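A short write-up of the structure that comes next.
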Amino acid sequence: MDLNVLGTVTSIISLILAILFWYLASKQASKADMALSEIKDKMMSWQNDMNKAAINLIEAKPEVIAQKIALEGAKNNSEFMDRLAGIVEKLSNEMDEKSSEYKIGIIKELLNHQKSSIVEKEKLKTDIIASRQTKQPEPR
C-alpha cells in the first residue's frame, strides 16, 4: 500500500470521527441544556411554593389575623358613621313643626347607640389590656 493513500484514508477516517464526535457532543450538550432547564424550572417552582407557604404561615399568625380583623372593623365602623351622619343630616334638614320632636328623638337614639357602641368597644380594649398586664410575669 502506498503511504499517500494510507495518509489520505487516515485523514478521511479522522475527519469522519471528528464529525461523529462533534455530532455526539452536540446531542449531549442539548440533553444537558434540557436537564438544566428542567432543574431550573423545578427550583423556581420549589421557591415559589416555599414563598407561598411562608406567606401563608405569616398570614396565619393570630396577630396578623387580629390586625386584619381590626382594620376591617375600623373600615366598617367608619362607613357606618358616615351613613349615620348622612341620616342625621337628612333628618335635621327635613324637620318641620309636626315631626320635629319625633325626628329629634330618632337623632338622639342614633347618637346614643353610636356612643354606647364606642364606649363598649373601648371598655373591651381596656379590659383586654388589663388582663394581659396581670398575666405577665414580674421581672426579677
Kindly establish whether L111 is at pLDDT 80 or above and either touching a helix residue (DSSP H, G or I) at 6+ places or on another chain (Cβ under 9 Å) or small (G, A, S) (or both).
yes
Starting from residues that are open to solvent by less than 60 Å² (accessible area, probe 1.4 Å) and without any contact (Cβ under 8 Å) to a residue 12 or more places away in the chain, keep the ones in segment 105-120 and report whichever is nearest to S78 (Cα to Cα).
S117
When you look at L91, is it open to solvent by less than 70 Å² (accessible area, probe 1.4 Å) and of a type outside the set (G, A, S), yes or no?
yes
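The values are calculated or read from the model by the stated rules, or taken from the named source; none is laboratory data. The structure displayed is predicted, hence computed values, not measured ones. All Cβ positions, glycine included, derive from the backbone under ideal geometry; neighbour counts span all protein chains shown. Keep in mind that these areas ignore ligands, DNA and RNA; they rest on the heavy atoms of the full protein, side chains included. Shrake-Rupley method; radii C 1.70, N 1.55, O 1.52, S 1.80 Å.
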